[in-house]
Amino acid sequence: MAAHSPTEGFFLASPDGETRLRIGLDAIYRFEPRTLNGDWQNRDAIYAVRPFLSGTVFRRWIRFLTEAELAQNPPYLLYSYLELRPRAEIGVRIGQQDGLISRHENFGVMGTLLPEADVVAEYFWTGRDKGITVFGALADDRVDYYAGVYGGSPLRQFTTLAGNYVLEARTTINPMGRMPDSEFAYALADASSTWRISFTLQGYYGKVEEATENFDPNTFNFQPTASGMTDRRGAGGVDVWLLAGPVSVFSEAYWRRTDPAEGAAYTSIGAWGQVDVRCGRGGSTPPSAAAGRTPAPISPAIAYSPARSRWPGTSPRRR
């Protein structure tokens, strides 16, 4: 049967509601003028087009997600995982998924204030990878924990090279209760508390050998070939998120040590922050419960991202 939820939209469900299928699309289009010294520059009007299948199988706590990116050439797989979470205290996610580092990056393009992402968070983010994550919420949602082991293979590399690995962990403390699932300040407008604060401690260590991919015209496949260049990286980071009435303040800071296969080891340090102020009416109240009026929040935001690194450039991974 077909059904509708204010948070999930339309979906198909079995009569008992335990098995669900949602077919959706996340898309971002941008129309912006670009000039350099008075000359018009090339523009990309389509930032993301991401169809997805999500839902549950047999039980509400057995979830799945598969999502692709069509706005790139060639298209590629973003997510494909199965999640089992019979209790709030513990769950397991298996497959291709987000790395744990950077809460900001884990919100995704549809849950952040500035969808193009922050360059500092992008630089230190471990990207998406294939592996297993154990996670849960403790103490009435006041502690969130995540720990995972991943294959150390880039997003578009389907083969995981032997010997590669990345270990990641993240712990978030929510002293006043669970924070929203996006960076929009108005998400808690109907909550009983007028302000909340949250802190995160996170880190990772990995050994990754780079690979090159060559197209095989006989099989029409890309074959990965180990390059023999192995990098070892270890990093730590913190974040703080404050919600105070119409104001949301979010900031992250990172430290990373890289030992490349060639050249001297180097250290990267970065920090960034953003402020969001809600100027209009907002909230999670459905239109039917708000006398037919649809919430209309207006949220100007400013982000500032100082960074210092001995290795110039940013991560090539795309959110």
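FYI, it's all coordinate maths here, none of it is from the lab. A quick note: this is a predicted structure, and the numbers were derived from the prediction, not measured. Here the Cβ positions follow ideal geometry from the backbone for every residue, glycine too, while neighbour counts run over all protein chains shown.
Overview of values
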| item | result |
| --- | --- |
| For the stretch 1-86, the spread of Cα positions along each principal axis, largest first, Å | 62, 24, 20 |
| Distance in nm between pseudo-label sites at Leu77 and Val238 (7 Å out along the Cβ direction from Cα) | 3.9 nm |
| Dipole magnitude (debye, nearest 20) for the stretch 1-86, charges at Cβ of Lys, Arg, Asp, Glu | 200 debye |
